[in-house]
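None of the figures in this text is laboratory data; all of them are computed from the coordinates on show. Nothing here was measured: the structure is a model prediction, and the numbers come from that model. We place every Cβ from the backbone using ideal geometry, glycine too, and count neighbours over all the protein chains shown.
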Amino acid sequence: MSGNKKEFGDYQTPIDFCNKVCSYLDEQCLVKDVEAIIEPTCGLGNFILSAADTFDLPAWGIDINKEYIQTAQKRLPLGTFIQDNIFNISISDICKYRNVLVIGNPPWATNSELDYNLPQKSNFKELKGIEALTGTSNFDICEYVILQMLHAFKETESVICMLCKTSVARNVIMEIERNSISCNKVEMLNFNSHKVFGVSAAACILVIQLTSDKHGNNVTCGVKDFDSLKILDTLVINNHYLTSSTTNVQDFEGTCQMTWRSGVKHDCSKVMELELIDGNYVNKYKEVVDVEDDLVFPLVKSSLFKSPIIREYKKYVIVTQQKAKQDTGYIEQEYPHLWSYLSSHSDDFSKRKSVIYKKSGSFSMFGVGDYSFAPYKVGVSGFYKKPLFSLLTSDKPVMTDDTSYFLSFDNYDDAYTMMLLLNSQPVQEYLTSIAFLDSKRPYTVKLLSRLDLKKCIDAVNLEELKSTEILFGLKNSINGEMYCTMKHHILC
């Protein structure tokens, strides 16, 4: 095989596990109406061999790797195998059957991580504006394959059975709803990916039983443990969001009255991020950096959200713009030392891949605006399972990285009260109930923007905010005036 596993997102499925999956499909009578088997990324052929043995149906396998195709053909001589990139193939041109079992284990990697086995880059979810430019349009190859199969066989009696990360499965379910694809059944069978593949990722077998009945738009998804078949959860679409139906918490669903922002994005951390050591700024190249201080700001990265109030900082970031697309040429005249420093690392900036930098000036950034320079912020890391909201305050505006999210405030009291509100038990319970904690980033702007602050402040009284202060060991500062003032700001 040319290349390595990472280049192809390649993890071969053990034959015993393939047999277990196929036995489940057979026992559940999920493939009784199918006429053929297709594996879009068949690898060495374990899945297609197991499916052909279990269901005794004609089979087609596709893979980009020539050696894999040759091996799979020897193992299943009666199968039809095609060496090609699945993204170059029209399934209807190679298989005459319409009701099929699509089975397999597509690459578990994003388009930005692979050099091979890629579709032509496109905004396949039809994202608009900023989402399409800043990374939201980066997609998982496995997700792309599954959606390609869904669209190829919608309005048939086909079954799609794919191994994937649970985050991918949830995205696919949302796309089923968004595209009104009719299904009889959708389920996720969670399994231990470390045991099967030796990788640490929340994973499942996603089973989708399609239907030609246009009224069969079932977007309820049962979640089971694959070993015990114990029912773990039921996922439903609620107001175009996928949520658990088994939670019993206060309902704060709605639209946030304030705007959540993500932090600065520069994709050049070795140059732009500095640490204060013995009174000197030092970059990640271990160089002492002598620049004007005006454009250097305190920085809180996701991993540093560890206390409810953050006042002291060791990390800093250079912020070259006050708003997106601002011409950075002014730095040369107003801050010559900084300009010289940035210019000396121009090669680092030229290596940035995102199109947003290609269309902007030298040393440009993203995620900057008036909100970035607010004197107070209440922020949260996107990565932690339990969301700790921190009040950020300093003599200069505090920046966060682009995996952190925040609300901006002009006065300390409002920020402090909001920090307590977001960390209060009812709000915490709600947020953890709507977040999928097995995701790499459980908390995002999209999720936080669903939090109706009016509902929160109506449900969380002053005594509960005081209890939150006690929980964090904070000095008793919250009072009725602060509570009413913030409530008035939110309601207005």
query: Which entries in Lys20/Lys154; Lys66/Lys265; Lys315/Lys454; Lys224/Lys385; Lys314/Lys475 show an alpha-carbon gap greater than 32 Å?
result: Lys66/Lys265; Lys315/Lys454
- line: Low-density loop trypsin sites (Lys or Arg not before Pro), region 227-266, at most 16 other Cβ within 10 Å, DSSP non-H/G/I/E/B, are Lys230
statement: Exposure-ranked with fewest Cβ neighbours within 10 Å first, Leu437, Leu147 stand as Leu437, Leu147
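For region 153-241, what is the charge dipole size about the Cα centre, in debye to the nearest 20, if Lys and Arg each add +1 at the Cβ and Asp and Glu each add -1 at the Cβ?
Using only the charged Cβ atoms, the result is roughly 180 debye.
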- request: Compute the acute angle (0 to 90°) between the alpha-carbon long axis of helix 480-491 and the principal axis of greatest extent of the alpha-carbon atoms of the chain; round to the nearest 10°.
  value: 50 degrees
- prompt: Where the Cα atoms of the chain are projected onto their three principal axes, how long is each span, largest first, in whole Å?
  reply: 73, 55, 37
- prompt: Treating the beta-carbon of each Lys and Arg as +1 and of each Asp and Glu as -1, no other charges, what is the dipole magnitude of the chain about its Cα centre, to the nearest 20 debye?
  reply: 200 debye
field: Using alpha-carbon coordinates, inclination of helix 46-55 to the longest axis of the chain, degrees
entry: 50 degrees
- prompt: What is region 173-307's relative contact order, in percent, from Cα pairs under 8 angstrom and six or more apart in sequence?
  reply: 16 percent
- prompt: If you look at just the Cα atoms of region 233-317, how large are its Rg and its Dmax in Å?
  reply: 20.2, 57
query: With the dipole of the chain worked out from charges on the C-beta (+1 for Lys and Arg, -1 for Asp and Glu) around the Cα centre, which of Ser467, Leu453, Ser354 lies farthest toward the positive end?
result: Ser354
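In Å, the Kirkwood hydrodynamic radius of region 261-491 over pairs of distinct alpha carbons?
Here the Kirkwood hydrodynamic radius works out to 18.9 Å.
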- prompt: Ordered by residue, what ³J(HN,Hα) values in Hz, to whole numbers, does region 358-366 give under the Karplus form 6.51 cos²θ - 1.76 cosθ + 1.60, where θ = phi - 60° and Gly and Pro are x?
  reply: 5, 9, 10, x, 4, 6, 6, 10, 9
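Under 1.5 on a/c is rounded, so check that first for region 263-397, then, if it is not, pick prolate when a/b is larger than b/c and oblate when it is not; a ≥ b ≥ c are the square roots of the alpha carbon gyration tensor eigenvalues. Intermediate results must be reported in sequence, preceding the final value.
Working: a/c = 1.69, a/b = 1.42, b/c = 1.19.
Note, shape of region 263-397 comes out prolate.
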Point-charge dipole on Cβ atoms (K/R +1, D/E -1) for region 422-477, about Cα centre, debye to 20: 300 debye
- request: Please determine, in degrees from 0 to 90 and to the nearest 10, the orientation of helix 66-75 with respect to the longest principal axis defined by the Cα atoms of the chain, where the helix direction is its Cα long axis.
  value: 40 degrees
statement: The longest stretch of the chain containing none of the GluC sites (Glu not before Pro) that sit in a DSSP loop with at most 11 other Cβ atoms within 10 Å is 127-311
- request: Could you list which residues have their amide H under 5 Å from that of Ile82, counting only those 5 or more apart in sequence or on another chain, with H placed in the peptide plane?
  value: Gly61, Ile62, Asp63
- request: Translational diffusion coefficient, Stokes-Einstein: compute it for region 368-468 using the Kirkwood radius over C-alpha pairs as Rh, at 20 °C and 1.002 mPa s, and state it as an integer in µm² s⁻¹.
  value: 153 µm²/s
Computed helical MRE - 222 nm, the chain, DSSP H runs ≥ 4 contributing -39500 (n - 2.57), nearest 500: -8500 deg cm²/dmol
- request: Please name whichever of Tyr371, Tyr313, Thr80 sits farthest to the positive end of the charge dipole of the chain, dipole taken about the Cα centre and charges placed at Cβ: Lys and Arg +1, Asp and Glu -1.
  value: Thr80
message: Restricting to bridges with both residues inside the chain, how much of the DSSP beta-bridge set is antiparallel, in percent to the nearest 5?
response: 65 percent
query: Roughly how many whole Å is it from the C-alpha centroid of region 417-492 to that of region 243-273?
result: 14 Å
